[in-house]
1. Can you give me the distance in nm between label points at residue 55 and residue 40, each placed 7 Å from the Cα along the Cα-to-Cβ direction?
2. Please arrange 32, 118, 147 by how many other C-beta atoms lie within 10 Å of their C-beta, fewest to most.
3. Which shape class, rounded, prolate or oblate, goes with the stretch 134-210 when its Cα gyration tensor gives a ≥ b ≥ c as root eigenvalues, a/c under 1.5 marks rounded, and past that a/b bigger than b/c marks prolate?
């Protein structure tokens, strides 16, 4: 490994690779063309990994958002609006497990990818995946980078989720989500449990249909 500093670190990385190989044999996640793999990327290298996947023609998705970043220029503080990943160290990959594992083993740029475990599954060592339809629904909202959406964390979400609804018109027509109270207002939230949650800033109540 290029980042290895000593022998013990090398042994740890090799052990992790073998563990991932065992996980691959223990799950039946490979071969379904509709599955997406949410994956962690170590040391905030998700954009570098994305660029390499784009070069290889492998569909992927990194949720992005604008944030205000401050920097100093000749003693003065300047603020800039910068497009950055909405969730650090996260990328979604649309491929099969065998292909991803092969690339991790052979491509140095993709080596930082790490599978995420589904701790809600009945079987141990189950790799987390997202069905295609759920991912498409999520990307309809998460691909927006303007003020029409809000990225959420555990502190932002208050109370239990409300009813499930479908949006029947407008820019988000066809999107399904749950009603949650966010910043004292009820909003439609689209979530991938345990990974990401994004809310639509405003949807008229007349466009919501309970499902």
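1. Each label point lies 7 Å from its Cα, and together they span 2.6 nm.
2. Numbers: 32 12, 118 19, 147 9.
The fewest-first ordering by Cβ neighbours comes to 147, 32, 118.
3. Taking the square roots of the gyration eigenvalues as a ≥ b ≥ c, the stretch 134-210 is rounded.
Just so you know, all these numbers are worked out from the coordinates, no wet-lab data involved. Owing to the predicted nature of the structure, the values given are computational and were not obtained by experimental measurement. Neighbour counts run over all protein chains shown; Cβ positions are idealised from the backbone, glycine included.
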